[in-house]
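The values are calculated or read from the model by the stated rules, or taken from the named source; none is laboratory data. Not measured: the values here are computed from a predicted model. Cβ atoms come from the backbone with ideal geometry, glycine included; neighbour counts cover every protein chain shown. Areas reflect the complete protein model, heavy atoms only, side chains present, ligands, DNA and RNA absent. Shrake-Rupley method; radii C 1.70, N 1.55, O 1.52, S 1.80 Å.
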Amino acid sequence: MLSGKNVLLAITGSIAAYKSAYLIREFIKKGAQVKVIVTEAALQFVTKVTLSTLSKNPVYKDFIKNEETGQWNNHVDLGSWADLMVIAPATANTISDLVSGKGNSFLLTTFLSCNAPVFVAPAMDLDMFKNKSTQSNIKILSERSVEIIEPTEGELASGLEGKGRMEEPDQIVTIISEYFLNKATLKNINILISAGPTYESIDPVRFIGNHSSGKMGFALANEAQKRGANVELVSGPVNLETPENVIRTNVKSAQQMKKEITDRFKNIDVLIMSAAVADYKPVKEYDNKIKKQEAELNIVLEKTPDILKDLAKIKKKQVVVGFALETENELENARQKMKRKNLDAIILNSLSDNGAGFGYDTNKITLITPSENRKFELKTKDLVAKDILNFIEECI
Ligand code: PMT
């Protein structure tokens, strides 16, 4: 359940901080990416070098990254990068700050910015843990949906025995994995996603293509696998890495894409066509490179198969969602397209919106269903993918 997840690990000033080094390794063994935030006090117990070596990422402590250039660490970006935040060990002091909503450290502002699930693993002496203030703070955090990973009983750094030892790293990872297993909202759902452009060959060196980078489709595939779905991605020619746990098939032309998608269609629950499939291809593909001879060259085009329309015609249980890339009369055209192709929904993105459509890391969509238009703000394609998959969850 942790494979491919972005884990933000925050370490505060407790002797249990040495266990956080093991915690990083446990997360990485499970296939997660880890970024670490430390407090000043944490660095009295572990070094940045240890943590950055193990996590293979820089370690964050301060708002300012470089005094001279004014470069700063962006707590908002880090908060939205995270699929989960773990504060381990969490001291009584940090727990109290989390409750108060303070923002006077990089850790605290990142916590305030983070919309992902947060896990807090307290570590302190037994009386500090039993203290009414600490108990009341933990209760408040728990009521605010922060997951508390209870400390265990045993020998403490003070020499006393009791409850206050941070849970062991392997146990923390098991608890978090189980949390995500229970939240795997798309578990056992088979989702097929298309992404990228298609290339329709004119001759061995030239083709008709488009500017799709595949980013939107790959973001959807990544989000779907994070939610526990079995994800297959059929991709046109793009330069992107396959997300964890996703089975990818590469194709070039619309005809090839049609074959790969059609072969899988009867076994899937959801089809999302985010690929920019060519509508036309050359009638004839030349065997050799066309020479520059006449002043004009006419290439006759014919329609490609409409993959989405053909499959939506024969759909039974499947939820079928298309994309519409429009440049004018956007809402009207997209709604017509949804009806004509018999879709459960269509995602409109318009080239008239800055930052939306081809190539960008962001997109601005309207989710159109037979009964409504849901408009969303411009946001990263990762966040757009979440909005679309929330809708898919509603459908199934
Ligand atoms: O890849 P990115 O750079 O991240 O950009 C994302 C995107 C802009 C490509 C994506 O968000 C998007 O809009 N994809 C669909 C683009 C498109 O082809 O739109 P369309 O309006 O021409 O097609 C409508 C739908 O029919 C699409 O779901 C398309 O996949 C499908 N189609 C189109 C033609 C065809 N022959 N067969 C199809 O199945």
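Out of all the residues in the range 195-203, is one or more more than 33 Å from the chain's Cα centre (by Cα), outside any strand (DSSP E or B), farther than 28 Å from TRP81 by Cβ and charged (D, E, K, R)? Yes: one or more hits.
I'd like to check something: does the range 212-222 contain any residue that is on the phi > 0 side of the Ramachandran plot and open to solvent by less than 20 Å² (accessible area, probe 1.4 Å)?
Taking the range 212-222 and keeping what is on the phi > 0 side of the Ramachandran plot, we get 214.
Subset that is open to solvent by less than 20 Å² (accessible area, probe 1.4 Å): 214.
Yes: the range 212-222 contains one or more residues that are on the phi > 0 side of the Ramachandran plot and open to solvent by less than 20 Å² (accessible area, probe 1.4 Å).
Pairs are defined by a Cβ separation below 7 Å, a sequence spacing of at least 6 or placement on different chains, a first member in the range 356-367 that is more than 9 Å from the ligand (Cβ to nearest atom), and a second member that is open to solvent by less than 20 Å² (accessible area, probe 1.4 Å) and among the hydroxyl-bearing types (Ser, Thr, Tyr); no pair meets this definition. For ARG374, the test of being free of Cβ contacts under 8 Å to residues at least 60 places away in the same chain, of a type in the set (Lys, Arg) and within 12 Å of the ligand (Cβ to nearest atom) is failed.
Give THR47, THR69 a once-over and let me know the one that is out of contact with any Ser or Thr (no Cβ under 7 Å at 6 or more places or on another chain) and at pLDDT below 95. Before you say what the answer is, go through the steps one by one.
Numbers: THR47 fails: at pLDDT below 95.
None of the others qualify; the one that does is THR69.
Scanning the range 50-66 for residues that are of a type in the set (S, T, N, Q) and at pLDDT below 95 turns up just one, ASN66. The residue pairs whose first member lies in the range 243-270 and is assigned to a loop (DSSP other than H, G, I, E, B) and acidic (Asp, Glu), whose second member is open to solvent by less than 80 Å² (accessible area, probe 1.4 Å) and within 16 Å of the ligand (Cβ to nearest atom), and whose beta carbons are closer than 8 Å, counting only pairs six or more residues apart or on different chains, are GLU244/ASN222; ASP269/ILE191; ASP269/GLN318; ASP269/VAL319.
Just to be sure, is ASN210 closer than 26 Å to MET85 by Cα and in contact (Cβ under 8 Å) with a residue 40 or more places away in the chain? Show your work before the answer.
Details: closer than 26 Å to MET85 by Cα: no; in contact (Cβ under 8 Å) with a residue 40 or more places away in the chain: yes.
No: the conditions fail for ASN210.
Being more than 16 Å from the ligand (Cβ to nearest atom), surrounded by fewer than 20 Cβ atoms within 10 Å (Cβ to Cβ) and either at negative phi or among the charged types (D, E, K, R) (or both): is that true of GLU150 here? Full working, then the answer.
Details: more than 16 Å from the ligand (Cβ to nearest atom): yes; surrounded by fewer than 20 Cβ atoms within 10 Å (Cβ to Cβ): yes; either at negative phi or among the charged types (D, E, K, R) (or both): yes.
In short, yes.
Considering only the range 304-326, I want to know if a residue exists there that is of a type in the set (Ser, Thr, Tyr), within 10 Å of the ligand (Cβ to nearest atom) and in a strand (DSSP E or B).
Initially, the range 304-326 is screened for residues of a type in the set (Ser, Thr, Tyr), giving 304.
So of that shortlist, the ones also within 10 Å of the ligand (Cβ to nearest atom) come out as 304.
Remaining after also requiring in a strand (DSSP E or B): none.
Checked the range 304-326: no residue is of a type in the set (Ser, Thr, Tyr), within 10 Å of the ligand (Cβ to nearest atom) and in a strand (DSSP E or B).
Of all residues in the range 271-292, those that are farther than 14 Å from GLY209 by Cα, open to solvent by less than 60 Å² (accessible area, probe 1.4 Å) and part of a loop (DSSP other than H, G, I, E, B) total 2. Within the range 341-350, the only residue that satisfies the criterion of being near the ligand (Cβ under 8 Å from one of its atoms) and part of a loop (DSSP other than H, G, I, E, B) is LYS341.
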